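Engineer: First the structure, which I've put down as structure tokens, then a few questions once you've had a look.
Quick note: the coordinates plus some simple rules give every number you see, no bench work behind them. The structure displayed is predicted, hence computed values, not measured ones. As a convention, Cβ positions derive from the backbone with ideal geometry for all residues, glycine included, and neighbour counts pool all protein chains shown.
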Amino acid sequence: MSRGGSRLVEVSDLGGGYAPGAEALSDTSFAVEAGMILAVLGPNGGGKTTLFRALLGELPIRRGHVEVRGRPAYVPQTERARLDFPVSAVEVVLMGAYGRTAWYRRVARADRGAANAALERVGLADRAGVRFGQLSGGQRQRVLIARALMQDAAVLLLDEPLSGVDTASAERIETLLSDLRGQGRAVLVATHDVDQARRWDRVLCLSGRQVAFGPPAETLTTSVLRATYGAELVELDDGRYGVRVDHHSHGT
Amino acid sequence: MDWLLDPFSGAIGRRALVEVILLGLACGPLGVWIVLYRRSYAAESISHGMLPGLVLAALAGVPLLLGAAGGVLLCAATITLVARDERLGGDVGVAVAVTALFGLGAMLALAPAVPPRLEELLFGDLLGVSSGDLMAAGALAAAVAVALAVAFRPLSLVAFDAASARSLGAPPGRWQLALLALLAVTTVVVVQGLGSLLVVALILAPGAAALNVTGRLPAALGLATWLAALAGAAGLVISHHLAVAAGASVALCAVAEWVLSLLAWRMHAPSPPSTALPADMFAQAR
């Protein structure tokens, strides 16, 4: 599937928020083309999830303009999904086909095959029948990504998909993101990991507003990181930087 | 076998049996969703908050169904009004509104001019159901079955992962509201049989019990339907032989199912159960 060259996401001078008179995110302008991974960096409360809400059409927008090609697929942080919900891994993946299935029809056989293929793609074919809540954190994240694959969306929004996952899951997810880029999709990834962001195509730094946007080599400077993270940015012994986020830190 | 069939040898017993089975068909699967959406408090609030409407209907001599419907609307309006104060928050708004309405209902019901029907309003009158009640229960069972079949996928999406539901085609607010509306309609009909205080038992306990013993949603919905109907029938049998109130017996049987499901779960599962019953439900069922 190639969508070569076209802009799939375009945001200009975005300002919006949930509470009257208070903007959770402002002065944000960027574009993401097909076949591109955008790293969205910023502290907790900096506007990463708010931006995704805007792209999903859930944020009251007061200024500016947001344009997204088609309905984006959204992968939330794993803790947002209910662990006690009585559903298996493959049933979660099948939810990605609900939007195109009439209520009175069974999910199509082709979609069932696609769900199993998506699970195989994230390395969980052998866990299809396991209850979602009984999977590890990394496995749950991969199941949610498989559900997004089922949506076959041109634009994917992943909210900190690599936070707190095991090494095997992280490697599998990173490979998958590269595959999606190769397929011509636009992938937006909220993350605190600056090292990771350096490997992707564009970086957007947010701290309630847009601090910087551009290629990683030009954007991820010390001054930009300081402006983005403020006191949460810490200098490590080897001269690199770390970001203090809640109870853990991410090397840069 | 005679011991089981005796309670239903007369017309009154048979009508009561049909009524509780029809109510169970509606309450069982709906209860699964209410528990999954963590709306047990709303279920209890709606049933308690409608009491003034029931009392006023009794005073005016009009069908309780009309009073219950009016009571639900009054309850919803009061909760909305109180919850608008952001300093209080939603839960406090519900608590204030429901306590005030329940108090108002009790005060009206205890006034000398009111016919002595308070017990019926609070605990229902399963043995006095009319043909109209049976028709209402049948219509309710059919409506709930259709509504839950249509809404199965969007309700699943929102309950499992509300953050992603919109991107998957199910706006959370719309389906949360739809579920509450279905709960309100169900409560309005069921309250005639089980009363304002006991209706919550038949809605919540079978659903919670089913979720304790099965890890599959379709299985839980089916099992909850059977458990709700079984609680109704068993409650009537016990009520007949022990000469105790029918509504309370049905509520106790529903809670007993939940207790048994918890014991069964503890014998087989390593981690805490997914559902819990509101603590005050035990107080009501005693």
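Engineer: Determine the sum of side-chain charges near residue A:61: Lys and Arg each +1, Asp and Glu each -1, restricted to other residues whose C-beta is under 14 angstrom from that of residue A:61.
Structural biologist: That sum, taken over residues with Cβ under 14 Å, equals -3.
Engineer: Please report the relative contact order for region B:2-285, taking Cα pairs under 8 Å with a sequence separation of at least 6, and give it as a percent rounded to a whole number.
Structural biologist: That works out to 29 percent.
Engineer: Would you kindly derive the ³J(HN,Hα) couplings of region B:127-141 from the backbone phi angles with the Karplus curve 6.51 cos²θ - 1.76 cosθ + 1.60 (θ = phi - 60°), listing them in order in whole Hz, with x for Gly and Pro?
Structural biologist: 7, x, 6, 9, 4, x, 4, 5, 5, 4, 5, x, 5, 5, 4
Engineer: Right, here's the next one. How many nm separate the modelled label positions at residue A:125 and residue B:134, each set 7 Å beyond the Cα in the direction of the Cβ?
Structural biologist: Here the modelled spin labels are 5.8 nm apart.
Engineer: Suppose a student asked you for the relative contact order of chain A, using Cα pairs under 8 Å spaced at least 6 residues apart; what percent would you report?
Structural biologist: Numbers: 522 pairs, mean separation 64.7, N = 252.
It rounds to 26 percent for chain A.
Engineer: Something else now. Could you work out how far apart the two model spin labels at residue B:260 and residue B:142 are, taking each label as a point 7 Å from the Cα in the direction of the beta carbon, and quote it in nm?
Structural biologist: Rounded to a tenth, the inter-label distance reads 3.2 nm.
Engineer: Mind jotting down the three principal axis lengths of region A:47-147 based on Cα atoms? Whole angstrom, largest first.
Structural biologist: Taking the Cα atoms of region A:47-147, the three principal extents are 47, 31, 24 Å.
Engineer: Continuing with this model, one more query. Enumerate the calculated ³J(HN,Hα) couplings along region B:218-230 in order (Karplus 6.51 cos²θ - 1.76 cosθ + 1.60, θ = phi - 60°), each rounded to whole Hz, writing x wherever the residue is Gly or Pro.
Structural biologist: x, 5, 5, 5, x, 5, 4, 4, 5, 5, 5, 5, 5
Engineer: Hey, another quick one. If the chain between residue A:152 and residue A:168 were fully stretched, how many nm would it gain, using 0.36 nm times the residue separation less the Cα-Cα distance?
Structural biologist: 3.3 nm
Engineer: Now for a separate question. Where does the charge balance sit around residue B:127 when Lys and Arg score +1, Asp and Glu -1, over other residues with C-beta under 14 Å from its C-beta?
Structural biologist: -3
Engineer: Could you calculate the FRET efficiency of residue B:268 with residue A:12 from 1/(1 + (r/R0)^6), where r is the beta carbon distance between them and R0 is 51 Å, rounded to 0.05?
Structural biologist: Once rounded, the FRET efficiency stands at 0.35.
Engineer: Quick one: Debye curve from the C-alpha atoms of chain A, no solvent, what's log10 I(q)/I(0) at q = 0.08, 0.15, 0.18 Å⁻¹?
Structural biologist: -0.31, -1.10, -1.45
Engineer: Okay, helix-only estimate at 222 nm for chain B: each DSSP H run of n ≥ 4 adds -39500 (n - 2.57), divide by all residues, round to 500 deg cm²/dmol; what do you get?
Structural biologist: After summing the helix terms and dividing by the residues of chain B, the value is -27000 deg cm²/dmol.
Engineer: Then there is this: Sorted from fewest to most neighbouring beta carbons within 10 Å, what does the list A:205, B:253 look like?
Structural biologist: Sorted ascending by nearby Cβ count, the order is A:205, B:253.
Engineer: Could you give the size of the charge dipole of the protein assembly as shown about its Cα centre, using +1 on the Cβ of each K and R and -1 on the Cβ of each D and E, expressed in debye and rounded to the nearest 20?
Structural biologist: Using only the charged Cβ atoms, the result is roughly 1080 debye.
Engineer: So if the hydrodynamic radius of region B:134-255 is defined as the Kirkwood radius over C-alpha pairs, what does Stokes-Einstein give as its diffusion coefficient at 10 °C and 1.306 mPa s, in µm² per second?
Structural biologist: Approximately 102 µm²/s, per Stokes-Einstein.
Engineer: Further question: Per q in 0.05, 0.11, 0.12, 0.13 Å⁻¹, report the Debye log10 I(q)/I(0) for the protein assembly as shown, using one uniform scatterer on each alpha carbon and no solvent.
Structural biologist: -0.26, -0.99, -1.10, -1.20
Engineer: Assuming R0 = 25 Å, can you tell me the calculated FRET efficiency for the pair residue A:65 and residue A:201, based on Cβ-Cβ distance, to the nearest 0.05?
Structural biologist: E between residue A:65 and residue A:201, to the nearest 0.05, is 0.65.
Engineer: Let me ask you something else. Other chains' Cβ within 10 Å of B:223-229 residues: what's the mean? Spell out each step's value before the answer.
Structural biologist: Numbers: counts 0, 0, 0, 0, 0, 0, 0.
Counting other chains' Cβ atoms within 10 Å and averaging over B:223-229 gives 0.
Engineer: What residue among B:169, B:3, B:201 has its Cα farthest toward the positive end of the dipole of chain B, where the charges are +1 on Lys, Arg and -1 on Asp, Glu, each on the Cβ?
Structural biologist: Final value for the positive-end residue is B:169.
Engineer: Please report Rg over Rh for region B:2-285, where both radii come from the alpha carbon positions and Rh follows the Kirkwood definition.
Structural biologist: 0.97
Engineer: Can you give me the long-range amide H partners of residue A:88? Hydrogens built in the peptide plane at 1.01 Å from N, cutoff under 5 Å, separation of 5 or more residues or another chain.
Structural biologist: Residues meeting the amide H criterion: A:132.
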